[in-house]
Each structure stands twice: as structure tokens, then as C-alpha cells.
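Peer 1: Would you mind keeping the following structure in view while I ask a few things?
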Amino acid sequence: MRDARSLANLMLLPSGLILVAFFLLPVSYFFVVSFWRVRSYKLQADATLDQYVEVFTGYWVPLLYTFAVALAIALAVTLIAFGFAFYCRFRAGRYGMPLLFLALLTLFGGYLTKIYTWKTILGAEGILNSALMLTGLTDAPITAFLFNPVAVVITLAHYTLPIAILPIFGSLRGIDEVPLDAARDLGAGPCRSFRDVVLPQAWPGLVTAFALTFLFAAGDYVTPMLVGGPNTSMIGVFIQSQFGHRVDAPLGSAMSFTVIALSLAVILGFAGTTRYFTRVR
Amino acid sequence: MGSRIEMGAPRAGRTAAVRAASPLVLLAGVGKSYGAMTAVEPLDLAVGHGEFLAILGPSGCGKTTLLKMIGGFLAPSTGTIRIGGADVTRLGPERRPTNMVFQGYGLFPHMTVAQNVAYGLRLQKRPAGEVAERVAEALRLGALEGFDARPVTALSGGQQQRVAVARALVMRPKVLLLDEPLAALDLKLRKAMQEELRRIHRSIGGTFIFVTHDQEEAMGLASRIVVMERGCIVQDGTPEEIYAEPKTRFVSGFIGEANMLPGRRERGLVRVNGSLCFPDPGPDGPITLMLRPEAARVATGESPVVGIDSLALRGQVRDIVFLGAVTRYAIAIEGGTLLHVTDSDSELRRRLEVGVPVTVHWPQRSHRVIAEA
């Protein structure tokens, strides 16, 4: 027994070391740095909250914008992913697994590829405009498709969808079908048995999918730069620039930890709300 | 006992007259087919108040399909189903006065024992006091007092089974349906649960219909057995009737152990295995002689004493298996066919060993001649 446990601990050691060396230590370092300041392009150890004040006074617009966009993406993607996973698990029969595989196949297309794909579809010379002009619905290309928040939502939603489908499908696959019959037998209609039996058991998958999608969207800075247009920069763009040409690691760190803390709050909020609505009554 | 859990029907005798006068469940021409594949041939079945009916058959015989049609989970392709006089053929399970104990139980894994049992009553929006009272009652009936707050996933197989029964009975169904209720339990637990189910049936006097492939389970539980084969009911009767007078070769082979000897009947004379010949009225043609292992005796010596009415076959002991209460002998008769005979006589066991010549004999009334179609 003790041998088995020490063996298990031993096997955890490599991943533990990697986690500490390449995640915990750097993150702790930047957490400390977020209380420092920069003077004449040099880091100076300090214990000030100035950077956090700066985040909330100078960057609250991109912060708000980021969370609004990320929330919209995460909610939409979680909903669509649930519908798709539910269909694969309960309605598609033997086509369920191939369908799931098809959805996951899109993960083979790279991240940048997908962004450029959407640029191609939504752009002035894009497929959508060409089609509209060809059918005579419009005379000139509509430039409003691209470089706006909707384009960011569409692009990120498209990218994160398969990532959200997986955990939801995983939790749905674990649901036995006999209790669904039992619920009907005891008088529940399809909606009741869905709400009372399926949803509570799918809840962990829903929260995981929401968290993955939300974190990805809130932290992304490439998509908004490429399809989001000039006035729609998300917080990730600003964080990147603090560490890039602005060389202001303390402000960048403060921004990062603000985003991390707020993201955690949003995810916990989502988890709590959905738990409340799926609780056993 | 005075249990207050009652099923939705008055108590009634189990006599055939009552059964025929007002059957609780009445199936008329009910059949189910999937395209060209027929799962259940159109059949009639009447189940009376208070009956404990077993639908018995091998896997794939259509017994579960039949039960699911009674419960409303499958719509029959033909025929009508009436329960308590009302036509329920087109109603879903949520609108039938039946409740089911599912194979594998189908408990809600994210709920406690009490939440599972209360679920149906909650759906009916019963007042909280009544729900609590009836749940407590059902838990008491299932010997589950004190388990209320346990998650069902933390229960043993036998306990889960009792929760499933309590969850169904708390609804006071007119008919309780059980789909292979004991299949997932080990032998010892199965015996205990059989007693438990009999006790519950006695104490509430309800109507139970259950499906099983295990003939011992059917014999041990049911007051009436319906044997199914390939979508048809091949025999319907009390356990005693079916054991003693199986109508077909299939039934005799399926219910209990049986020796089967092929033979022919010509002008009222049956010939089996070359040497055996006895009068037995009936139509000419091929027959099967069915002989239960416990109905035959083994005798040693050159000219053993057998009764006037008895039939005898000579043979040789091939195998001896001590089973505890009885010993089973495999005896090769002339022509090489093996006959199995069980006997509890320990003195006989000492005298016999593999290779010893013996005579197998039995009184004529204890075998059965089954005409082959």
C-alpha cells in the first residue's frame, strides 16, 4: 500500500517539477512584479498598488469590452456545443461518433489559418460579398462585415467550438439512458427529464466548456488585432504591448492578474448560477 | 403487517374466475415488429388483480419487448392494451398506471435515496407532508430506513435494487413491472431478494409482472408463469403445472433439467431408443420422451426389482458428480445417449463407480411424452 502510494508520488514528480519550474515560479514572479514600478526603462522593486489603479482608471474600457466579448463568445459557444454534443449523444444514433469526429477534425486547421479564413469570408473581396454582389442583392461590397466586434465573436467562436464540444460530450456520454426512461415512467415529460436528469449530470462538462472558451477568448490578442479593427482592442492586445515595445512589465503584470481574477469571478459566477438552476429540487 | 402502501387496485383472490371476470391487464392481439423482424407475434394475455406473473424465456424471445409495451415504452405494432378497463395503447409511460423496476435499476445517480423515491411524487406536486410520509413508508417497505440521505451511488447492488422497487411502489401503481429485477445480483443476494419481493407482494397485495430468463427465479417468485419462445407464448400456467406438464420440448428443456429421448408413436405404441416400448395413446409421429433427473432411479445387479408400471433401460455409469444434497449420475444407455439421474441415497453412491453396469428405471406416470410438431 505504502509502496503503491510512493510510486504514484514518484510518477507525479516530473509533471510536478515542470509545473513548478515553468508555471508556478514565473507566475509568482510576475505577481510580485505587478507591485513594482518602472523608472527610466528599469524595473524597480517596490510595494505599490499604482499599477492596479492605472489598470482600472486607464484601461477600464478595453477591460469591459474584453469581458463583454468573451462572455458573449463563451455563452454562445457553450450553448451551441451543448446542442451539438447532445445531438451526437442522444439523437444521432450510430452517426454520433463520426459526427463528433468531424467536428474535432476542424482542430487540425491552425489558429491563424482560421482567422485568415474568416478574413477571406467576411472581407470586402470576400466570399460573402462576392455572393451578395453576384446575386444582385448589393451593388458595392459591404465593408461592415469585418473589423468589428461581431467578426471577433464569430472567429473566436468558430475556433473554440470543438474545444467546448469535447468536455460536454464527455459528461453526456457518462449519462445512462435507463434513468431517463425511469423519469418518464414516474411521470416526467421530455422537458422535465431533460432538466432533472440530463442537465444536472452534464453540469461539470458545461462549466468546463464555458471556462475553456471564456479563458481563451479573454486572453486572446491575435484575433482582435486581425479582424477586430482599430477601436476594438481587447485587453490582451494591451498586455502584449506592455511586455513588448512599451517595456512596462509591472503594468502588464497588473493587467494580467486583473484579468485572471475577474475571469475566475466570471467562471465561478457561471458555475454557481448554472448549479442553482440544475440543482435537485 | 397493516402496511399502508397499497397498489391502486382492490385486493382480490387469485382464482381463475376472478381473473377471467375482470382482468386488470388485458392484451388483445398485441404484437411488435420492426420491419420484417418480428419481436412479438400478436398475442393475448390477461392478468388478474393480485397476480405475481413471470414472463419467462431465453434472451431474444420478446419478453422484454412485451413488458415495455405494457409499460408504454414501446408502441405495439398491432393490438390493444387495457389496464383497469381503460385503453392505454397509445399512452406514454408517464400517463400509465404502471411503474417499472428497470434492469440495472435506472436510479438517478445525482440524487440521494430519498430524492430518488420522492421524485415521482414531486412531479405530481403532492404536498410536502404527504411526500415525506409516503417516502418514509416506501423506504420502510424496502427495509431502507436510515438510508434517506445516502447518495444512491454509495449503495450495494441489493440496496439499489430495493430503492428501485421503493421508487416504483411509492407511486401506488396498479401494476408493478419488473425487468430482470435480480439479474445483476450475485446468487446469495438473489435468493434474499426473492424472499424480499415475495414479502412485499404479500404485504401490499398488488399485481406484479416480471420478466426473467432464469427459470428458478420464475418458479421461486411467481404465482403464474408465461413461457415465451420466439415471440410467442408457448405455455401459461402455475409453476407446478409447467414443471410437471410441459407442453413442448422447449418448455421442458427450459424449465428445470430434463432428459430428452427421441422416439416414435405408431398406433398408440411408443418406441424409444430401440429397446423401450410402451402403450401411450395419441397421434402417430415423432415424439420426445421427457424424463426429469429426479424422477428416475438407478439399480444395480443382473435382475433388479422394478415396479410393474415402471420402464427400465440398461446402461453404464459414465460420471458421478456429488452436488451436496444429491448426487448426479450420468449413465450411458444402449446407443450411447447419456441420461442424467439425481439421487440422494448415499448408500447407492458408495456402491456405484464409473464403469459399473446399471439399470435406470422410472414409473410410467413420471415421464412425459411430447408429440413433435
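The values are calculated or read from the model by the stated rules, or taken from the named source; none is laboratory data. Everything quoted here is computed from the prediction, not taken from an experiment. Glycine also receives a Cβ, built like all others from the backbone with ideal geometry; neighbour counts cover every protein chain displayed. Note: areas computed on protein heavy atoms with side chains; ligands, DNA, RNA excluded. Shrake-Rupley method; radii C 1.70, N 1.55, O 1.52, S 1.80 Å.
Peer 1: Please list, ordered by first then second residue, the pairs with beta carbon atoms under 9 Å, 6 or more apart or interchain, first in the stretch A:149-160 and of a type in the set (Ser, Thr, Tyr), second buried (at least 19 other Cβ atoms within 10 Å of the Cβ) and not in a helix (DSSP H, G or I).
Peer 2: So the pair list comes out as A:155/A:228; A:159/A:220.
Peer 1: Could you tell me how many of the residues in the stretch A:46-62 are open to solvent by 80 Å² or more (accessible area, probe 1.4 Å) and small (Gly, Ala, Ser)?
Peer 2: Adding up the residues that qualify gives 1.
Peer 1: Let me spell it out: the conditions are (1) under 25 Å from residue A:178 (Cβ atoms); (2) open to solvent by 10 Å² or more (accessible area, probe 1.4 Å); (3) not in a helix (DSSP H, G or I), and residue B:247 meets all of them except one. Which number is the exception?
Peer 2: (1)
Peer 1: Quick check on my filter: what residues within the stretch B:158-167 are among the aliphatic types (A, V, I, L, M) and either within 21 Å of the chain's Cα centre (by Cα) or outside any helix (DSSP H, G or I) (or both)?
Peer 2: B:164, B:165
Peer 1: May I ask you to list pairs of residues, at least six apart or on different chains, whose Cβ atoms are under 7 Å apart, with the first in the stretch B:50-77 being charged (D, E, K, R) and the second being surrounded by 23 or more Cβ atoms within 10 Å (Cβ to Cβ) and part of a loop (DSSP other than H, G, I, E, B)?
Peer 2: Qualifying pairs under 7 Å: B:63/B:57.
Peer 1: Out of all the residues in the stretch A:245-266, is one or more charged (D, E, K, R), in contact (Cβ under 8 Å) with a residue 60 or more places away in the chain and out of contact with any strand residue (DSSP E or B) (no Cβ under 6 Å at 6 or more places or on another chain)?
Peer 2: Keep residues of the stretch A:245-266 that are charged (D, E, K, R), which gives A:246, A:248.
Applying the additional criterion that residues be in contact (Cβ under 8 Å) with a residue 60 or more places away in the chain yields A:248.
Among the residues that remain, those that are also out of contact with any strand residue (DSSP E or B) (no Cβ under 6 Å at 6 or more places or on another chain) are: none.
No, the conditions are met nowhere in the stretch A:245-266.
This table checks each residue for (1) surrounded by 16 or more Cβ atoms within 10 Å (Cβ to Cβ); (2) over 17 Å from the mean Cα position of the chain (by Cα); (3) over 19 Å from residue A:182 (Cβ atoms).
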position: B:43; (1), (2), (3): yes, yes, yes
position: B:65; (1), (2), (3): yes, no, no
position: B:70; (1), (2), (3): yes, yes, no
position: B:101; (1), (2), (3): yes, no, no
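Peer 1: Here is a further query. Give the stretch A:185-202 a look and list any residue that's more than 8 Å from chain B (Cβ to nearest Cβ) and either hydroxyl-bearing (Ser, Thr, Tyr) or open to solvent by less than 10 Å² (accessible area, probe 1.4 Å) (or both), or say none.
Peer 2: Across the stretch A:185-202, the qualifying residues are A:193, A:198, A:202.
Peer 1: For the list (1) part of a strand (DSSP E or B); (2) within 28 Å of the chain's Cα centre (by Cα); (3) exposed (fewer than 14 other Cβ atoms within 10 Å of the Cβ), I need the number of the one condition that residue B:264 fails.
Peer 2: (2)
Yes or no, residue by residue, for (1) open to solvent by less than 10 Å² (accessible area, probe 1.4 Å); (2) more than 14 Å from every other protein chain (Cβ to nearest Cβ):
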{"site": "A:178", "(1), (2)": "no, no"}
{"site": "A:183", "(1), (2)": "yes, no"}
{"site": "A:204", "(1), (2)": "no, no"}
{"site": "A:219", "(1), (2)": "no, yes"}
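Peer 1: Please go through the stretch B:269-281 and give me each residue that is surrounded by 12 or more Cβ atoms within 10 Å (Cβ to Cβ) and within 12 Å of residue B:369 (Cα to Cα), ordered by number.
Peer 2: Correct list: B:269, B:270, B:271, B:272, B:278, B:280.
Peer 1: So residue B:156 fits all but one of (1) at positive phi; (2) more than 13 Å from every other protein chain (Cβ to nearest Cβ); what number is the exception?
Peer 2: (1)
Peer 1: Determine if the stretch A:149-162 includes at least one residue that is in a loop (DSSP other than H, G, I, E, B) and open to solvent by 50 Å² or more (accessible area, probe 1.4 Å).
Peer 2: Among the residues of the stretch A:149-162, not one is in a loop (DSSP other than H, G, I, E, B) and open to solvent by 50 Å² or more (accessible area, probe 1.4 Å), which makes the answer no.
Peer 1: Another question about this same structure. Restricting attention to the stretch B:52-77, report how many residues are farther than 16 Å from residue B:212 by Cα, in contact with a helix residue (DSSP H, G or I) (Cβ under 9 Å, 6 or more places away or on another chain) and more than 14 Å from chain A (Cβ to nearest Cβ).
Peer 2: So the answer is 1.
Peer 1: Further, regarding this structure: Among what's in the stretch A:1-42 and is over 28 Å from the mean Cα position of the chain (by Cα), of a type in the set (A, V, I, L, M) and open to solvent by less than 80 Å² (accessible area, probe 1.4 Å), pick the residue that is modelled with the lowest pLDDT.
Peer 2: A:4
Peer 1: Then there is this: When the residues of the stretch B:103-129 are narrowed to those that are over 20 Å from residue B:154 (Cβ atoms) and more than 8 Å from every other protein chain (Cβ to nearest Cβ), which ends up surrounded by the most Cβ atoms within 10 Å (Cβ to Cβ)?
Peer 2: Among them, the one singled out is B:121.
Peer 1: Something else: Pick from A:202, A:271, A:188: which is part of a loop (DSSP other than H, G, I, E, B) and farther than 30 Å from residue A:146 by Cα?
Peer 2: Of A:202, A:271, A:188, the one residue that is part of a loop (DSSP other than H, G, I, E, B) and farther than 30 Å from residue A:146 by Cα is A:188.
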